[in-house]
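Bear in mind that the values in this text are calculations on the coordinates, not laboratory data. Predicted model, so just to flag it, every value in this text is computed and none were measured. A quick note on method: Cβ atoms are made from the backbone with ideal geometry, for glycine too, and the neighbour counts reach across all protein chains shown.
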Amino acid sequence: MAPRRRLPAPAPHARERPAAGRARRPKATEMAHDQGVPHFHNDPGVTAIHVGSREFMCIGARPPFDHPHVFIDMGRDDEVICSYCGTLYKFKPTLSAGEAEPAACIWDDREAAA
Ligand SMILES: [Zn+2]
């Protein structure tokens, strides 16, 4: 059973008011999925992945060995463990959003797969 994805907090620039008369968009998670939320995986099997943003998706490993893509929000913490694959993610302020150390843990193949 797949846990419900938590909705990511909107990025400041995305905090737009809904246009009048427009229905609520039902697929916020899918949109976030496609719009710049970084995806990380731990194919290299490192003990910890340093990331530049507190909100990201963990997919565990490169497809087809990925676990359900879960949105992770560290909140006010500086580290979090993915409940699926146990990867420890540590927030590193010197990294830009979407960056990771090791960089091999960034999953950007989804653009090619889309
Ligand atoms: Zn994971």
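The Cα atoms of the stretch 32-108 define a convex hull whose projected area, averaged across directions, is 4.5 nm².
The protection proxy used here, the mean number of other Cβ atoms lying within 10 Å of each residue, ranks peptides 75-82, 88-95, 36-43, 51-58 as follows, highest first: 51-58, 36-43, 88-95, 75-82.
Taking the Cβ of residue 88 as the centre, find all other residues whose Cβ is under 12 Å away and add up their charges (Lys, Arg: +1; Asp, Glu: -1). Surrounding charge for residue 88 is -2.
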